[in-house]
Amino acid sequence: MAEAYNFLHTIMSEFKEGWIIWGNHDIDAKSSDQVMTDSCLALFLPPNLKYMHQQQIELTGKKIGFNNWQPEFNLEWVKGELDMLFTHARICYKEDSDLYQSQYLDESKFKIAFCGDIHRPGQLGKYVSIGIPQRCKM
C-alpha cells in the first residue's frame with residue numbers, strides 16, 4: 001500500500017490534473033454497480049487525481065469518457081458520441097482466439113476506445129490496447 005501511495009503521489013506531483021478508473025483487479029465489487037470506495041486505492045488518491053467512472057469531460061474541444069471494468073458494459077451514461085473512451089474492457093483483437101471472455105461495447109457511443117487490457121497490445125476497428133509494458137518488453 002505504501003508503494004502504491006508513493007507511486008501515485010510522485011507521478012501526480014508532475015501533473016496539474018489526472019483521471020483514474022478501476023480495472024477488474026483493482027475493485028472488490030465484481031457487479032456493475034460500482035463506486036469509488038470499491039477499491040482500496042481510493043484511500044490515498046492525490047487530490048489532483050480524480051476518480052472518473054461513468055463520467056465525461058471536455059478537453060481541448062474533445063469529449064472524453066471514462067468507464068471502470070464491469071462484467072456487463074452499459075454506456076447509456078454517455079451523452080452523444082465521445083471522441084475518446086478510456087475503459088478496462090477486454091476486447092478480442094483476433095478472430096477465433098477469444099481466450100479472455102471478451103466484452104462488447106456500443107460502438108455508436110465513441111470514435112475510439114483505449115482499453116486497459118493487460119493481456120496483449122492490439123488494435124481492431126475502434127479499439128486500441130497498449131497492453132502492459134512489462135509483458136510487451138517495452
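Does Gly80 qualify as being at pLDDT 85 or above and either open to solvent by 30 Å² or more (accessible area, probe 1.4 Å) or within 13 Å of Ile21 (Cβ to Cβ) (or both)? I'd like the intermediate steps shown before the answer.
Numbers: at pLDDT 85 or above: yes; either open to solvent by 30 Å² or more (accessible area, probe 1.4 Å) or within 13 Å of Ile21 (Cβ to Cβ) (or both): yes.
It is true that Gly80 is at pLDDT 85 or above and either open to solvent by 30 Å² or more (accessible area, probe 1.4 Å) or within 13 Å of Ile21 (Cβ to Cβ) (or both).
Which numbered condition in (1) modelled with pLDDT of 75 or more; (2) part of a loop (DSSP other than H, G, I, E, B); (3) surrounded by 16 or more Cβ atoms within 10 Å (Cβ to Cβ) is the only one that Phe86 fails?
Single failed check for Phe86: (2).
Which of the residues spanning segment 61-71 are in a loop (DSSP other than H, G, I, E, B) and modelled with pLDDT of 95 or more? Walk me through how you get there before you give the answer.
Applying the first criterion (in a loop (DSSP other than H, G, I, E, B)) to segment 61-71 yields 61, 68-71.
Gly61, the sole residue that qualifies.
Among what's in segment 67-77 and is within 18 Å of Ile57 (Cβ to Cβ) and in contact with a Leu (Cβ under 8 Å, 6 or more places away or on another chain), pick the residue that is surrounded by the most Cβ atoms within 10 Å (Cβ to Cβ).
Ranking the qualifying residues of segment 67-77, first place goes to Asn67.
With the checklist (1) more than 13 Å from the chain's Cα centre (by Cα); (2) open to solvent by 50 Å² or more (accessible area, probe 1.4 Å); (3) at pLDDT 85 or above in hand, flag the one item Lys94 doesn't pass.
(3)
Looking only at segment 33-56, count how many residues are surrounded by 14 or more Cβ atoms within 10 Å (Cβ to Cβ) and without any contact (Cβ under 8 Å) to a residue 40 or more places away in the chain.
Here is the first cut: in segment 33-56, the residues surrounded by 14 or more Cβ atoms within 10 Å (Cβ to Cβ) are 34, 36, 38-39, 41-42, 44-46, 49-56.
The next check asks that each one be without any contact (Cβ under 8 Å) to a residue 40 or more places away in the chain; those that pass are 34, 36, 38-39, 41-42, 45-46, 50-56.
Going through segment 33-56 one residue at a time, the tally reaches 15.
The values are calculated or read from the model by the stated rules, or taken from the named source; none is laboratory data. Note that this is a predicted model, so its numbers are computed, not measured. Using ideal geometry, Cβ is built from the backbone for each residue, glycine included, and neighbour counts are taken over all protein chains shown. We work out accessible area using only protein heavy atoms, side chains counted, and drop any ligands, DNA or RNA first. Shrake-Rupley method; radii C 1.70, N 1.55, O 1.52, S 1.80 Å.
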